[in-house]
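Structure, as structure tokens:
The values are calculated or read from the model by the stated rules, or taken from the named source; none is laboratory data. Since this is a predicted model, take the numbers as computed values, not measurements. Glycine gets a Cβ as well: all are built from the backbone with ideal geometry, and neighbour counts include every protein chain shown.
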Amino acid sequence: MSLEKKDLAIGVDLGGTKLLVALISVDGKVIIELECKTSIHDADHISFTLINAITQLIDHVDRSRLRGIGVASAGVIDSKGKKIVYANNLGLENYPIGALLKGHFQLPVRVCNDANSAAIAEWIWGAGIGKRNLIYITVSTGIGAGIISDGKLINGIHDSAGEFGHITIVHKGERCGCGNRGCLEQYASGTALERLANQRLKSSTSLLHDLKTGTTVTNKEIALAAEKGDPFSISLLHEVGEYLGAGVTSLIHLFNTEAIVFGGGIMNMSEFILPTVEEYVRENSITQMSKGVVISKTVLGRRAGIMGASGLFFLHDESEPRMNV
Ligand SMILES: [Zn+2]
């Protein structure tokens, strides 16, 4: 069977608490999807769960239609060596996922990090259809980005390009876990939002005093308070939007991109964040460069990771989105 007739790929999204596995077609349809719990710091259990879930999918399909298995994972990935070099939230180090899956299923395997896979998914099937320049930004516990520039995914020499959360946004600012100071992640991530809310809440009037169920407030409670019109929570989200806007302005100036797509857990509050991002960019960027740049929320949502993982097999000659096979 020619490659043209191989119209399916398996996508794997390996996260800290769960594993998503799906059978996906070249036109972006999720045919079957499975979700399993993962135990961190237990590579054997992760391997067992992974093989078991993929076996269930393969049993449903004519194997000759499969192009391969694409894996998206959090952490530092070696896409050429097909290894997870280091993934803190999975407790994995030098995990040879490519060799494991290829050895077991005798299918080609490709591996990339989760922000890159989401960027690929949005590029092929989501907010970036038909574009050659797109940057996907995920804002959750941390902040990361997948950058597609002139029709190519930018990986960098160590597969680490797109560490958008660790660009310096405040000179000599808060110390970050990466060793730098003033990283964007310290001001605009989910972790930062909770920290800022808890630091300021004691001396402020806010609905959060009533909504709070534990000793500290959570992002879920901040979202709820903002929806109820709480000025304290809304102002915090605007502040997050301003920091993200400053970061996005730099991205536009660096890459002259066409589209910025936001995803990640914090984007369930996008109505309070994205208008501020857009306003900041409009007021502070070089007009000629930001003109026509579309800033939007993910179209594919929680499925962007698995879809982009399978999308590693639907990219034409590794660089162009392949839409009509
Ligand atoms: Zn940092």
(Q) Anything in the stretch 141-181 that is more than 14 Å from the ligand (Cβ to nearest atom) and outside any loop (DSSP other than H, G, I, E, B)? List them, or say none. (A) G146, I147, I148, S149, K152, L153
Q. Restricting attention to the stretch 81-106, which residues are closer than 27 Å to S140 by Cβ and charged (D, E, K, R)?
A. K82, K83, E93
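Residues are listed down the side, and each one gets a yes or a no for (1) closer than 21 Å to G146 by Cβ; (2) modelled with pLDDT of 95 or more; (3) not assigned by TED's automatic domain parsing to the domain that holds N155:
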| position | (1), (2), (3) |
| --- | --- |
| I46 | no, no, yes |
| T49 | no, no, yes |
| T55 | no, yes, yes |
| V61 | no, no, yes |
| G68 | yes, yes, yes |
| V71 | yes, yes, yes |
| I77 | yes, no, yes |
| I84 | yes, no, yes |
| A87 | yes, no, yes |
Q: Working only within the stretch 127-154, note down all residues that are surrounded by 23 or more Cβ atoms within 10 Å (Cβ to Cβ) and basic (K, R).
A: none
Q. Out of (1) assigned by TED's automatic domain parsing to the domain that holds K80; (2) surrounded by fewer than 24 Cβ atoms within 10 Å (Cβ to Cβ); (3) at negative phi, what's the single condition that is false for N113?
A. (2)
Q: Can you work out which of the residues in the stretch 182-205 that are hydrophobic (A, V, I, L, M, F, W, C) and within 30 Å of G229 (Cβ to Cβ) is farthest from the ligand (Cβ to nearest atom)?
A: L201
**Q.** In the stretch 208-228, the residues that are without any contact (Cβ under 8 Å) to a residue 12 or more places away in the chain and either assigned to a helix (DSSP H, G or I) or not hydroxyl-bearing (S, T, Y) (or both)
**A.** H209, D210, K212, G214, K220, E227
Q. In the stretch 182-197, which residue that is assigned to a loop (DSSP other than H, G, I, E, B) and of a type outside the set (S, T, Y) is surrounded by the most Cβ atoms within 10 Å (Cβ to Cβ)?
A. L184
Q) All but one of (1) in a helix (DSSP H, G or I); (2) surrounded by 21 or more Cβ atoms within 10 Å (Cβ to Cβ); (3) of a type in the set (V, I, T); (4) out of contact with any strand residue (DSSP E or B) (no Cβ under 8 Å at 6 or more places or on another chain) hold for V248; which doesn't? A) (4)
Q. Going by the conditions given, is T168 closer than 18 Å to H253 by Cβ and either out of contact with any Asp or Glu (no Cβ under 8 Å at 6 or more places or on another chain) or crowded, with 20+ Cβ neighbours inside 10 Å (or both)?
A. yes
Q) Taking the condition at positive phi and surrounded by fewer than 24 Cβ atoms within 10 Å (Cβ to Cβ), does G91 pass? A) yes
Q: Determine if the stretch 277-287 includes at least one residue that is exposed (fewer than 15 other Cβ atoms within 10 Å of the Cβ) and touching a strand residue (DSSP E or B) at 6+ places or on another chain (Cβ under 6 Å).
A: no
Q: Kindly indicate whether I97 is farther than 28 Å from S64 by Cα, among the β-branched types (V, I, T) and away from the ligand (no atom under 16 Å from the Cβ).
A: no
Q: Would you confirm whether any residue within the stretch 122-137 is part of a strand (DSSP E or B), within 11 Å of the ligand (Cβ to nearest atom) and either charged (D, E, K, R) or not assigned by TED's automatic domain parsing to the domain that holds K80 (or both)?
A: no
Q. Would you pick out the residues in the stretch 213-233 that are aliphatic (A, V, I, L, M) and surrounded by fewer than 20 Cβ atoms within 10 Å (Cβ to Cβ)?
A. A223, L224
**Q.** Subset of the stretch 251-284 [of a type in the set (S, T, Y) and either within 15 Å of S189 (Cα to Cα) or outside any helix (DSSP H, G or I) (or both)]
**A.** T257, S270
